Each structure stands twice: as C-alpha cells, then as structure tokens.
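The values are calculated or read from the model by the stated rules, or taken from the named source; none is laboratory data. Remember, it's a predicted structure, so these values are computed and weren't measured experimentally. Counting neighbours? That spans all protein chains shown, and the Cβs are built from the backbone with ideal geometry, glycine included.
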Amino acid sequence: MDWYKVNNEGELDSPSLLIYKERVQENVRKMIDIAGNADRLFTHVKTNKMPEIVKLMIAQGISKFKCATIAEAEITAMAGAGMVVIAHQLVGPKIGRLVQLSRLYPDVVFASLIDSLDVAKQHNEVFEEAGLVSNVFLDVNNGMDRSGHLLDDKILDLYTFLASQSHIKLLGLHIYDGHLRADDFEERKHEIDAGFVDVKHFLEAIEEKGLPKPMVIAGGTPAFTSHALRAETFCSPGTCVLWDWGYGDKLTEQPFEYAALVLTRVISKPQKGIVTIDMGHKAISAENPIDKRVRFLNLTDYELTGQSEEHGVLKVKNWNSIKVGDVLYGVPYHVCPTVNLYDEAYVVANQQVNDVWQVLGRRRKVTV
C-alpha cells in the first residue's frame, strides 16, 4: 500500500491537513544527525505550529526553538521547551506581552531580536519596570535586507550598548540568510560562506573588545546543511520537520520526507476533461503561481488550471476513470502557510487516523 494512503479516509472531512507522525519523527532524527547533536538546534516552529510536534522534538532531545510570534512562543513553552527565541524585533504592546509570557513560564528562557538602539532602550525600560531581564540577540543583516543591523562601523557600538544595560541580557547574534537558496548545494554553500565573512570579522571585533563570546544562531532550512558545518554555530531549520514539494525539489542534498499532506475530494465533473476539487485558496498556500501550489501523489496527467476560495479546477486526461467523491492526496509546494490555514490536523499513524491535533500557533493570541 502507498505510504500516504489512510485506511479510514472515508471518515475524514475534506479539505483537511494530514500529519504523518512516524515521518515527522524520522525527519527530526535526520535533522539531529545533520546537526551532529540536538543541542545545536533552534528548530523553527512557524512551520508546524502544534505543541504535539514540539513534544516529538523534545522527546528526541531538542530543547531550544525559534518562532515568529508571541502565540507560537507560548505554545512552544506549553509543550515543555527550555528556550524559545522569538525571531522578530518586538515593538509596541508586544514588549509587554513578552513580559507577561516570561511571568507565566518563569522556567523557560524567552529571547527576542533587537537591531535598533531605540527599541533596546524601550526593552530595558519596560523590563526594569517589571523587575525582569530581557534576553536578546542582536539581529544582523548580512545581505537579506529584511531585518537586522548592517555589518557597518556602528554595529559594535550597538552590541556594546546591549551588553551594558541593567535589564537586558545579551545572548548573542542572530543571522538569517534566507535569500541564499541556489539549487546546487556547492554554489549555495559558497554564497553562504561568502556572506559569513563579515560576520567572522564582527566576532573578532567583539573578542578584541573583551566582550563575552556570543552564541550565533544562523540560517534557516536552505542554509542548514551549510551552517551545520560550522562547529560553533547553532542552526534553525524548520520546514524540514514536515517538508514540502518546493524544498524537496530544490534542496536535493537534504534527505527529508513529506510528513504533511492535504486531503481533498473530487466534487464535480463539469465537462469532459475537467474535474473540480474542494481545494481552493483557503485549503492550500496560494502565494505562488498556479503551477506551484500542490502536487498530487495519486493522480497523473493533470494540470491545476484555476482556484477560487473553495474550488480547485483540474484538467485531466483520465477523466473517465475519475469519480465524484474520489480522494486525492496533495503535497503542498509551501507547507508553512498551508498549515496556517487549518485549525486542526488529522494525525496519521500506521496508515490510520485516530487522533486530531490543534494548530494552536496559527492564532495571534493564545492566552497572553
């Protein structure tokens, strides 16, 4: 039987998100093997957003995580994480929410990113009023130009300022080079290494000034297999826990397996050569062009020609053999925003669904 086939698929509504538990566990094992040990990983939970998947990683020794939102940080703490880095510079009321979260889970080390002197001052003031200390990483822009402080003649001053504040604890540097994603591994590694040269110079400047040696968290999934070769660098892959078609075709040196699918059904055959499925924009990530949204594992000779909110239209060659009600299993091109479309996921173990997990991290607020 094909690995993705669910024996009790007739009981499952559609469209729905499927999580294959054994494959998640295997991907976590492979991730640890690449890193060398679980301690080097700050696995990003933005991909899965589920406390149960965080628990599967903790069961294999991973204790440190990255996330994108306060809600994701909270569900990660709920699952038992030891350290959670929110990979954003928190501004406005989010600083106060971080204080609340720190009080709610006093045994968890929460940290966030800072790349601005003004925000650093705000953090110090808010945490001083709360009688707490804000753990931070200096966010470094080494070429992506999305966030972080440039590696210029002022970055050491900001680092020194952060290290001197009474209610800030500077833990290290955060470097995200997600813009470097060449298909060929050697080409990608060369670009990543070149982009890290100035980071090394900055680390040398920190050492020369007599400041504490920082932790360095670098890269995401595309850079994982490159940064894993730097013995003292912590890595933060995320997509590889569930994997998807986009990275599966692109990052061919990475050995991960599909562990999340979307189940859909044929709901109409409006004319010869055309079938309609209940997989519209609200069921699969649609930020990419129409030919980069879903790949079906149990259908051949098809083309996704259109989507609306609740419908997907397929041009097919084997129209006569397809029946209304048929189940299709689709691999998302981009799994992270696809997961975010669902409140819950069916959990597949031994090709049977007997459990449902809540996608709690898709919420903007859990309790804090």
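Out of the residues in the range 47-106 meeting the condition of being assigned by TED's automatic domain parsing to the domain that holds Ser134 and of a type in the set (D, E, K, R), tell me which one is surrounded by the most Cβ atoms within 10 Å (Cβ to Cβ). For the range 47-106, the residue satisfying everything is Arg97.
Taking the listed residues Thr338, Thr367, the one that is in contact (Cβ under 8 Å) with a residue 24 or more places away in the chain and touching a Pro at 6+ places or on another chain (Cβ under 6 Å) is Thr338, with no other qualifying. Being among the basic types (Lys, Arg) and farther than 30 Å from Leu170 by Cα: is that true of Arg265 here? Yes; evaluated as a whole, the condition is true for this residue. When we screen Leu171, Leu151 for residues that are buried (at least 17 other Cβ atoms within 10 Å of the Cβ) and in contact with a strand residue (DSSP E or B) (Cβ under 6 Å, 6 or more places away or on another chain), the only hit is Leu171.
Residues that are over 23 Å from Gly219 (Cα atoms), in contact with a His (Cβ under 7 Å, 6 or more places away or on another chain) and assigned by TED's automatic domain parsing to the domain that holds Glu191 are absent from the range 140-160.
Residue-by-condition table, conditions (1) hydrophobic (A, V, I, L, M, F, W, C); (2) under 30 Å from Gly280 (Cα atoms); (3) modelled with pLDDT of 95 or more:
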position: Asp13; (1), (2), (3): no, yes, yes
position: Val24; (1), (2), (3): yes, yes, yes
position: Val28; (1), (2), (3): yes, no, yes
position: Val45; (1), (2), (3): yes, yes, yes
position: His88; (1), (2), (3): no, no, yes
position: Ile114; (1), (2), (3): yes, no, yes
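Put simply, of Glu310, Glu344, Glu303 the only residue that is over 24 Å from Ser268 (Cα atoms), modelled with pLDDT of 95 or more and acidic (Asp, Glu) is Glu344. Once the range 325-368 is narrowed to residues that are among the aromatic types (Phe, Trp, Tyr) and within 30 Å of Tyr302 (Cα to Cα), the residue that is farthest from the chain's Cα centre (by Cα) is Tyr329. For the range 256-296, a residue qualifies if it is within 15 Å of Leu341 (Cα to Cα), of a type in the set (Asp, Glu) and touching a strand residue (DSSP E or B) at 6+ places or on another chain (Cβ under 8 Å), and exactly one does: Asp278.
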